[in-house]
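Student: I have a structure I would like to understand better, so I am pasting it below and will then ask my questions one at a time.
The values are calculated or read from the model by the stated rules, or taken from the named source; none is laboratory data. What you see is a predicted model; the values in this text were computed from it and never measured. Don't worry about glycine lacking a Cβ; one is built from the backbone with ideal geometry, like all the others, and counts go over all protein chains shown.
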Amino acid sequence: MSRGQFPIAKNIKQYRNKIGITQDQLASLSGVGYNVLIKLESGATENPTIETVVKIAKGLKISIDDLLVPEKNQNILVCTTCKKEYSPSKAISQCTCGGILTLIHNSSFPIDEIRKRKQTMWRYREALPIMQDKYIISFDESITPLTKIMLGRHEVFVKQDHLFSSGSYKDRGASVLVSKALELGVNRVSEDSLMQDSSGSASNAVVSYCAHANITCDLYTPMEIDLDKLTQMKFFGAKIHTIKQKDKHNLQVAQSEYYANHSWNPYFLHGTKTFAFEICEQLGWKSPDTIILPAGNGTLLLGTYIGFLELLNAGVVSKMPKIIGIQSVQCAPLYFAYKKNLSEISSIDKKFTLAQGLAIEKPIRGKETLDAVRSTNGQFIVVTDHEIKAALAEMLRIGFYIEPTSAATIAGVKKYVAEAKPDEIIVSAFTGNGLGSIQKIAKLLNA
Ligand SMILES: [Zn+2]
């Protein structure tokens, strides 16, 4: 069932008062989608009549308010596997079939209004899927600088996302995710760092926003997580649960608490998409030709893709930039799937790399990332540890204190620009701050 098929929604609204569904019922019985109602109507293939829908809703004591979701809330959660739809008023991060959820949001961009607003990622308010302003959790994140840097023989725009409060672009995702948790009435979330980068920067971001929102955060983390980050998260009030290996515990956690893992939770990507909005505005409401980003779990890359898709759909920009994903040659499942023209990620042998944040053997949203890059006529590029080290040293020499994982993307940019057109407008990012990796950087560069 596509989102466009809600022709009777307006009429249903007119009927709502007549059928006498109470406010309590509306509040407690949300989450049943229009497609479910159709299935209930004895296998009907066409839209049911208003009378039938009202009868079914009353008979099952469910809220027909969900039928109005696209009109009222303008967003809906859809399973990427079985296509089941859920109301955004449900506190879920995963489909009942085990599939990954994606959020479809009808964004708009009132540019004249946006220009008058505060310089934070929340200035794109109509595009962010939080219903009420009172639930927004934000540190008044600044719009990050888009700085021109010579890389090779090409001048590239680099967005300085290492300047966020927790030290990485992940604050974008955490701000929207934690705001949504608060809006859903959640007072306890769980974040694990098993399925994400071992540097733990996503956990760090989510935990700091939870602290700001006064939400308890249970953190399930492997024993080898960086001690400095662990200490910081403890001070933020996270409850740390140390576990040894991937197990089913993650999903059990997901059922009893709100699962805030940045790869599973669809709201995270609707925070990272602000990266695209900012680039667009900073370039005079235009798309660049090419965007080069890290592809570990792909949360910045996918958010950027969603962001430009929304800008395109809203008519703000006229083209989708080519998106290029960078991986370490030591752990490159997306690159190999791309090269072999596969539709899914196959298993690979992961080896040690300096870019630990990119070393994800099986990204949760790997297929989505692959599809996104392909649909923009982009590509994946791999870099070696030697190239990462050289790029890190080069960035430090010109005054940018970034972490090694962040330098991998810059190494990839340097490879790409060797073949780029002279007038190609290219954007990349500094994704993480080096202050969280001082010892590692010193050891690496023999300081
Ligand atoms: Zn499903």
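Student: Exactly one of (1) away from the ligand (no atom under 16 Å from the Cβ); (2) closer than 24 Å to Leu182 by Cβ; (3) assigned to a loop (DSSP other than H, G, I, E, B) is unmet by Lys134. Its number?
Tutor: Against the list (1) away from the ligand (no atom under 16 Å from the Cβ); (2) closer than 24 Å to Leu182 by Cβ; (3) assigned to a loop (DSSP other than H, G, I, E, B), Lys134 comes up short only on (3).
Student: Turning to a different aspect of this structure: Give segment 73-85 a look and list any residue that's within 11 Å of the ligand (Cβ to nearest atom) and either touching a helix residue (DSSP H, G or I) at 6+ places or on another chain (Cβ under 9 Å) or of a type in the set (Val, Ile, Thr) (or both), or say none.
Tutor: If the condition is that a residue be within 11 Å of the ligand (Cβ to nearest atom) and either touching a helix residue (DSSP H, G or I) at 6+ places or on another chain (Cβ under 9 Å) or of a type in the set (Val, Ile, Thr) (or both), then Leu77, Val78, Thr80, Thr81, Lys83, Lys84, Glu85 are the ones that fit.
Student: Right, next: Can you spot a residue in segment 106-119 that is surrounded by 16 or more Cβ atoms within 10 Å (Cβ to Cβ) and within 16 Å of the ligand (Cβ to nearest atom)?
Tutor: No - not one qualifying residue is present in segment 106-119.
Student: Residues to consider are Arg125, Arg153; find the one that is free of Cβ contacts under 8 Å to residues at least 40 places away in the same chain and either under 19 Å from the mean Cα position of the chain (by Cα) or assigned by TED's automatic domain parsing to the domain that holds Gly307 (or both).
Tutor: Criteria check complete, one pass: Arg125.
Student: I would also like to ask the following. May I ask you to list the residues in segment 408-425 that are of a type in the set (Gly, Ala, Ser) and surrounded by fewer than 24 Cβ atoms within 10 Å (Cβ to Cβ)?
Tutor: Scanning segment 408-425 gives Ala418, Ala420.
Student: What are the pairs with Cβ atoms under 8 angstrom where one residue, in segment 74-85, is in contact (Cβ under 8 Å) with a residue 40 or more places away in the chain and in a strand (DSSP E or B) and the other, located anywhere, is of a type in the set (S, T, N, Q) and more than 6 Å from the ligand (Cβ to nearest atom)? Sequence gap at least six, or different chains.
Tutor: Filtered contacts from segment 74-85: Asn75/Asn106; Ile76/Ser87; Leu77/Ser87; Leu77/Thr102; Glu85/Asn35.
Student: Additional query: Can you tell me how many residues in segment 231-250 are at pLDDT 80 or above and either surrounded by fewer than 13 Cβ atoms within 10 Å (Cβ to Cβ) or in contact with a strand residue (DSSP E or B) (Cβ under 7 Å, 6 or more places away or on another chain) (or both)?
Tutor: Residues flagged as at pLDDT 80 or above and either surrounded by fewer than 13 Cβ atoms within 10 Å (Cβ to Cβ) or in contact with a strand residue (DSSP E or B) (Cβ under 7 Å, 6 or more places away or on another chain) (or both) within segment 231-250 amount to 8.
Student: What residue, of Thr369, Thr405, Thr431, is modelled with pLDDT under 95 and crowded, with 22+ Cβ neighbours inside 10 Å?
Tutor: Selected residue: Thr405, the only one of Thr369, Thr405, Thr431 that is modelled with pLDDT under 95 and crowded, with 22+ Cβ neighbours inside 10 Å.
Student: Can you find a residue in segment 140-156 that is among the acidic types (Asp, Glu) and either out of contact with any strand residue (DSSP E or B) (no Cβ under 8 Å at 6 or more places or on another chain) or closer than 22 Å to Trp264 by Cβ (or both)?
Tutor: Scanning segment 140-156, I find no residue that is among the acidic types (Asp, Glu) and either out of contact with any strand residue (DSSP E or B) (no Cβ under 8 Å at 6 or more places or on another chain) or closer than 22 Å to Trp264 by Cβ (or both), so the answer is no.
Student: Among the residues of segment 89-105, which ones are within 16 Å of the ligand (Cβ to nearest atom) and not β-branched (Val, Ile, Thr)?
Tutor: Result: Lys90, Ser93, Gln94, Cys95, Cys97, Gly98, Gly99, Leu101, Leu103.
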